[in-house]
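Read through the structure below, which is laid out as structure tokens, and then see the notes.
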Amino acid sequence: MFHYQPIADARTGAVVGLEALARWQHPERGLLRAADFIELAEAHEPTMWDLTMHGLDRALAEVAGLRQQGNQLPVAVNVSPAILHRDELVDEVSRAMARHSRPAGSLSVEVTEWAHAADAEPVVRTLSRLAELGVPAALDDFGSGYSSLAELGSLPIETLKLDLAPFARWTAENSKLAIHGIAEVAHALGLAVVAERVAEAEQWTLVANAGCDLVQGDRISPPLPRDEIVAWLD
Ligand code: G
Ligand code: MN
């Protein structure tokens, strides 16, 4: 099952998309976040494949028809490099979009957990083919996860998702300088920048002034079940 978190324009606050985040309703432990079980699934490639394919179908079904200011909201699905090398992924994505009558631009993928990538070359091929299909890719958790400058410059991506967590121990002034610099590099490479984990109003102001294009985080909305996000969007 998924919860959905809005991604908004950094200047206007207008919602421009939703990220689907995996959740697991555990009978004893309650609602588990992706961080609590995704690593386990990643260790077993067929499990990760099934989870992602099932999730893709659910996310397309649940977000189809959701509009904001007259525009169809696109949904971003997280995909691990552990399965991005599989050739049949592009056909599966294409079929899922057709099944839900979703046009190009209504789905994107976020590339997570780069450490699990066996080999970059097949991943580059898959991402290029997805882009041709109208499914752009974002590099996830830049700055805190495993994604690095190597991926930033070599993958066919359109968006950089910059995690604000590492800046928690920086001064505001240094954070602003660094985020500004990172945004400049990303823009020079033709990428849009999403600031992730924007929790406070001051952080939103800071990242907007530093040139980030989009914002995501609890300051806008935490991830919510589908029905609650629909109500929130209204
Ligand atoms: O929601 P939470 O903070 O637990 O998410 C932790 C991380 O797990 C995030 O980086 C997110 O992108 C990733 N994640 C969430 N859902 C999925 C999913 O369905 N598949 C994969 N591969 N990663 C996911
Ligand atoms: Mn993500």
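Every number here is computed from the coordinates shown, using simple stated rules; none is lab data. Keep in mind the model is a prediction, meaning the values are calculated, not measured. Here the Cβ is made from the backbone with ideal geometry for all residues, glycine too, and neighbour counts use every protein chain on show.
Return one quarter of the surface area of the convex hull spanned by the alpha-carbon atoms of the range 121-187, equal to its mean projected area, in nm².
4.8
GNM remark for the chain: springs join alpha carbons under 10 Å apart, and the peak mean-square fluctuation among PRO136, PRO81, PRO46 falls on PRO46.
Dipole size of the chain about its Cα centre, with +1 on Lys/Arg Cβ and -1 on Asp/Glu Cβ: approximately 480 debye, rounded to the nearest 20.
Each residue of the range 89-104 is assigned a 3J(HN,Hα), and the resulting list reads 4, 5, 5, 5, 5, 4, 5, 5, 5, 5, 4, 9, 6, 9, x, 4 Hz, derived from the Karplus form 6.51 cos²θ - 1.76 cosθ + 1.60 (θ = phi - 60°), x at Gly and Pro.
At 20 °C and 1.002 mPa s, grab the translational diffusion coefficient of the range 115-234 from Stokes-Einstein with a Kirkwood Rh over Cα pairs, rounded to a whole number in µm² per second.
138
Counting only Cβ charges, +1 for Lys and Arg and -1 for Asp and Glu, the dipole size of the range 111-186 around its Cα centre is about 120 debye. Taking only C-alpha pairs under 8 Å that are 6+ residues apart, what is the relative contact order of the range 2-233 in percent? This gives 21 percent for the range 2-233. Farthest towards the positive end of the charge dipole of the chain, among the residues GLN25, GLY181, LEU224, is the Cα of LEU224, using unit charges on the Cβ of Lys, Arg, Asp and Glu. If the Kirkwood radius is taken over C-alpha pairs of the range 26-100, then at 10 °C and 1.306 mPa s the Stokes-Einstein diffusion coefficient equals 113 µm²/s. For the chain, the antiparallel share of DSSP beta bridges with both residues in that region comes to about 45%. The helix-only estimate of mean residue ellipticity at 222 nm for the chain, built from DSSP H runs of length n ≥ 4 each weighted as -39500 (n - 2.57), is -12500 deg cm²/dmol after division by the residue total. Per-peptide packing, taken as the mean over residues of other Cβ atoms within 10 Å, places 89-102, 192-205, 24-37 in the sequence 192-205, 89-102, 24-37 from highest down. Among residues other than GLU200 whose Cβ falls under 12 Å from its Cβ, what is the net charge (Lys/Arg +1, Asp/Glu -1)? Charge balance near GLU200 sits at 0.
Every Cα-Cα pair of the chain was included, and the share exceeding 23 Å stands at 47 percent. For the range 1-109, a crude dipole built from +1 on the beta carbon of Lys and Arg and -1 on the beta carbon of Asp and Glu, taken about the Cα centre, is about 520 debye to the nearest 20.
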